[in-house]
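First the structure, in the form of structure tokens, and then the observations on it.
The values are calculated or read from the model by the stated rules, or taken from the named source; none is laboratory data. Keep in mind that this is a model prediction, so the values were computed, not measured. Don't worry about glycine lacking a Cβ; one is built from the backbone with ideal geometry, like all the others, and counts go over all protein chains shown.
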Amino acid sequence: MAIIIIFLIIVLIIASGVKIVSQSKAMVVERLGAYHGTMKTGVNYKIPIIDRIASVVSLKEIARDFAPQPVITKDNVTMQIDTVVYYQITDPKLYTYGIENPVSAIENLTATTLRNIIGELELDETLTSRDIINSKMRSILDEATDAWGIKVNRVEVKNILPPRDIQEAMEKQMRAERERREAILKAEGEKKSAILLAEGEKESMILRADAKKEAAIREAEGEAEATIKIKEAEAKGLELIKSVKLDEATLKIKSYEAMIEVSKGESTKIIIPSDLQNLATIGTVMNEMFDKKSNKNK
């Protein structure tokens, strides 16, 4: 019976050395008080009584929101600034043995680094240079914490709280700046509006002048065309008159020739009208003469 009990105790002691390490964790093992190794994710074994777990370390990224720290700017303005530091443990051994209370060390290092950086900046630069402050702090903290097995991934300035009187002055300044910008925008708008109105009036005058010019040109072209047509009509009338006069002259000549022929005959009576242009009278005279001649021949 005693042997069974001793056997069970030995089994329990051996079984107690089995350790299962979960994901994103690590265990630092000491053997007889000295660092022996680091247990990683999975099943591990340590010798009971001889080995012990010195620390269990999380390998996840950790965010620490530190309390606001009083800082003084280059132009002697005191303000409160709080920061958030994102860091990750990369070496469990250094994290365990590098420094006592690493989180407190990071907080103090953040406060001193922030004071040094802000001390080189004036108030306005501090309020507008958050990215520069974040970058400088991350670089300094990351370099300083390498010896502790810690990697600083990001540092963010969360709040910048200047004194109340400074805040009121800044609010007044911002209000005045907004009013100034509003006045400038209003003046620019009125200026653009006046320019657009002037340009519109100018274009309107140009269009009216062009319309008058076009109307005058069209009117002149119409008058010129009418004058040309009148002259063409007059020319055609003159030609018609000339042709009529030419026909009358031809008739007169023919009449004279006929009278000469008649005068060569035996007739003793020749009637010459006073108006030789009257062709009808000439025709009558010629008919009488021919009638008398024919009677005598009979």
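To keep it simple, each residue is scored yes or no on (1) at pLDDT below 85; (2) surrounded by fewer than 17 Cβ atoms within 10 Å (Cβ to Cβ); (3) in the same structural domain as Asn101 (by TED's automatic domain parsing); (4) within 35 Å of the chain's Cα centre (by Cα).
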| site | (1), (2), (3), (4) |
| --- | --- |
| Thr128 | yes, yes, yes, yes |
| Ser135 | no, yes, yes, yes |
| Asp142 | no, yes, yes, no |
| Gln167 | yes, yes, no, no |
Could you say whether any residue in the stretch 69-84 is part of a loop (DSSP other than H, G, I, E, B), surrounded by 13 or more Cβ atoms within 10 Å (Cβ to Cβ), assigned by TED's automatic domain parsing to the domain that holds Ala105 and not charged (D, E, K, R)?
yes
When the stretch 40-66 is checked residue by residue, the ones that are free of Cβ contacts under 8 Å to residues at least 40 places away in the same chain and either over 12 Å from Gly17 (Cα atoms) or in contact with a Cys (Cβ under 6 Å, 6 or more places away or on another chain) (or both) are Lys40, Thr41, Gly42, Val56, Val57, Ser58, Leu59, Lys60, Ile62, Ala63
So, in the stretch 48-68, of the ones that are more than 30 Å from Pro162 (Cβ to Cβ) and among the acidic types (Asp, Glu), which residue ends up surrounded by the most Cβ atoms within 10 Å (Cβ to Cβ)?
Asp51
Residue pairs within 9 Å by beta carbon, gap of at least six or interchain, first lying in the stretch 205-221 and assigned to a helix (DSSP H, G or I), second at pLDDT 85 or above and acidic (Asp, Glu), listed first then second, are none
Search result, residues across the stretch 1-47 that are among the β-branched types (Val, Ile, Thr), surrounded by 11 or more Cβ atoms within 10 Å (Cβ to Cβ) and within 24 Å of Asp91 (Cα to Cα)
Val18, Val21, Val28, Val29, Thr38, Thr41, Ile47
Out of all the residues in the stretch 138-181, which are within 30 Å of Thr38 (Cβ to Cβ) and assigned to a helix (DSSP H, G or I)?
Arg138, Ser139, Ile140, Leu141, Asp142, Glu143, Ala144, Asp146, Ala147, Trp148
All but one of (1) in contact (Cβ under 8 Å) with a residue 24 or more places away in the chain; (2) not in a helix (DSSP H, G or I) hold for Ala105; which doesn't?
(2)
